[in-house]
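One structure is given here, and the rest of the page talks about it.
The values are calculated or read from the model by the stated rules, or taken from the named source; none is laboratory data. Keep in mind it's a predicted model, so treat the numbers as computed, not measured. Glycine also receives a Cβ, built like all others from the backbone with ideal geometry; neighbour counts cover every protein chain displayed.
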Amino acid sequence: MHNETERRAALDAFVATPSGRGRPNRYWKLDLDALDVSAFTPNAASTTVTISAPNGVTACSLEEALDSFADIVARAQEHRGNGKFAHLTRAFAQTGAFVHVPAGRIIDEPIHIHTRANDADGAFALTIIVIEAGASATVIEEFEAVPGATLVYDSHAEVGESARLTASAIAHVPADARVYVTRSARPQRDAHVAFSHADLGAALAVAEIDITLDGPGANGELDALFFPSAKQHVDLLTRVDHRVGHTTSRTAIKSAANGSGQGRYLGIIRIIADAQGSDASLRDDALLLSRGAHIDSVPALEIAANDVKAFHGATIGAIDEEQLFYMASRGVPRDQAEKMIALGFFEPVIEKFPTDSLRKQLREALEAKLA
């Protein structure tokens, strides 16, 4: 994927780049800036990437794309994310996926990218998605892993003028796996990106999701949910950058924790001085379902323009006793009522996932965590 010089530069950048995530509280035992990568090696056999796509889409391994579509890949690579774990992926990745939708092509069936970590020594994959002007597509990225595995994944989407991309990511991994995911997108003039993301398992799930609005009329929607249980940790960072004026964004996060589950959400909206007329909102709601659970919420607005609309809000709390009383008065047992309320709490975000199959998976996984 990269030559030795490029790999060494990416590894140096990983070491030098702070995660931006200190330990938020006394419960948090993990230091994301002290990750030991000495055992990691570039090994194509450690990762399996499977791609399925309908007619009209170019979908292949990133290795093939570097031979046949080098100019398109190079154009997309210029704008990839530069977070700590994106650098780590580039240092070790030996495989990946490439998706290209030609200009004006409307793709009704979802494109599936399935990434599997095959061993516990570290699995790495890169994905490039290019949706050309006026095109439209849905991409579903799913992750699996063997017990004890570490999966590090980096995905970037370029979305051309008036194009539309709906992209969802969901992990089905064992409770002792570790997953580090970086996702980014750059919509151009009048383009629309809708990201959805779910973290429901793993000993540690770290995700960084970026949308850079880079043309007037560009719109970004970002919906995510996470649910650490037992001793699991989830660390989610989202960032929406308004780089030009008259762009819009909406971010909605739903999280819950039970057992000794620990979670943290950092949500950032940036509006630069030249981005007048931008409209942005961020909403984060967290539900604590046990005494030992803990979730930190850190929403932030960084606004340098004066003619904008920007809003953020956050809530953290337990299930409302009045709701439980109301349901008890109608004969619903307390444990069943708690489950129904918690499942309903997540539903606004679940509805943003693009297929009935994905929504069904999410509801079943959440119900299992609430059992």
With respect to the numbered conditions (1) touching a strand residue (DSSP E or B) at 6+ places or on another chain (Cβ under 6 Å); (2) at pLDDT 95 or above; (3) surrounded by fewer than 24 Cβ atoms within 10 Å (Cβ to Cβ); (4) of a type outside the set (Asp, Glu), which one is the sole condition not fulfilled by Ser162?
(1)
Quick one: how many residues across region 244-267 are of a type outside the set (Gly, Ala, Ser), out of contact with any Leu (no Cβ under 6 Å at 6 or more places or on another chain) and under 30 Å from Arg189 (Cα atoms)?
5
Within region 276-301, take every residue that is part of a loop (DSSP other than H, G, I, E, B) and of a type in the set (A, V, I, L, M, F, W, C) and give me the one that is farthest from Arg21 (Cα to Cα).
Leu289
Region 212-243, residues that are closer than 19 Å to Gln276 by Cβ and in contact with a Leu (Cβ under 7 Å, 6 or more places away or on another chain)
Gly220, Val240, Asp241, His242, Arg243
Are any residues in region 216-253 within 17 Å of Ala368 (Cβ to Cβ) and either among the polar types (S, T, N, Q) or surrounded by 21 or more Cβ atoms within 10 Å (Cβ to Cβ) (or both), and if so, which ones?
Leu225, Phe226, Phe227, Pro228, Ser229, Gln232, Val234
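Within region 6-29, can you find the residues that are among the hydrophobic types (A, V, I, L, M, F, W, C) and either at pLDDT 85 or above or surrounded by fewer than 17 Cβ atoms within 10 Å (Cβ to Cβ) (or both)?
Ala9, Ala10, Leu11, Ala13, Phe14, Val15, Ala16
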Any residue in region 69-83 that is more than 12 Å from Ile129 (Cβ to Cβ) and at pLDDT 85 or above sitting within a Cβ distance under 6 Å of a residue that is surrounded by 13 or more Cβ atoms within 10 Å (Cβ to Cβ) and of a type outside the set (D, E, K, R)? List the pairs, counting only those 6 or more apart or interchain.
Gly83/Thr182
Filtered residues of region 116-143 (kept if surrounded by fewer than 23 Cβ atoms within 10 Å (Cβ to Cβ) and part of a loop (DSSP other than H, G, I, E, B))
Asn118, Asp119, Ala120, Asp121, Gly122, Glu132, Ala133, Gly134
Do you know which residues across region 144-181 are part of a loop (DSSP other than H, G, I, E, B) and closer than 30 Å to Lys231 by Cβ?
Val146, Pro147, Gly148, Ala149, Val173, Pro174, Ala175, Asp176, Ala177
Given region 1-115, what helices (runs of 4 or more DSSP H) lie entirely inside it while holding 1 or more residues that are farther than 26 Å from Glu144 by Cα?
4-16, 62-68, 70-77
